[in-house]
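Working notes for the structure below.
The values are calculated or read from the model by the stated rules, or taken from the named source; none is laboratory data. Just so it is clear, the structure is predicted and the values come from calculations on it, not from any experiment. Cβ coordinates were reconstructed from backbone atoms using ideal geometry, including for glycine residues, and neighbour counts include every protein chain displayed. Please note that ligands, DNA and RNA were not included when accessible areas were found on the heavy atoms of the full protein model with its side chains. Shrake-Rupley method; radii C 1.70, N 1.55, O 1.52, S 1.80 Å.
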Amino acid sequence: TVGYGDITPYTNAEYIVCLIWIAFGIGFYSYTIGSLSGYIANIDSKNQRLNKKMIVVNDFTKETRIPVKLKGKMRRALEYSTHKDYFASSDKKRVIIS
């Protein structure tokens, strides 16, 4: 049923089955919402880290007068390494620092 109250339990066994299904539904819904919110928070923090790194790259290229073409390549490489989980986090730090 969809919760309109058109089908109701009458016996104790039916009440127990309904309670079990309700508990399962609450658990499933809670797990799903928690997983989705964690996933969205992870994406948001990844984008924030990327933006901070881009600011550092922009400042670095301005200070060292690196050509615009090379700056673009650096930005694309940084975006790739941040969005892809190909590198381990320690490898990413090493790439950014060096």
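Protein-only accessible surface at a 1.4 angstrom probe places the residues 45, 37, 81 in the order 37, 45, 81, largest first. Note on surface exposure: 57, 17, 68 rank 68, 17, 57 by accessible area, highest first, 1.4 Å probe. Between residue 52 and residue 80, the contour length at 0.36 nm per residue exceeds the alpha carbon distance by 8.6 nm.
Here the spin labels are modelled as points 7 Å beyond Cα on the Cα-Cβ line, and at residue 14 and residue 66 they lie 7.1 nm apart.
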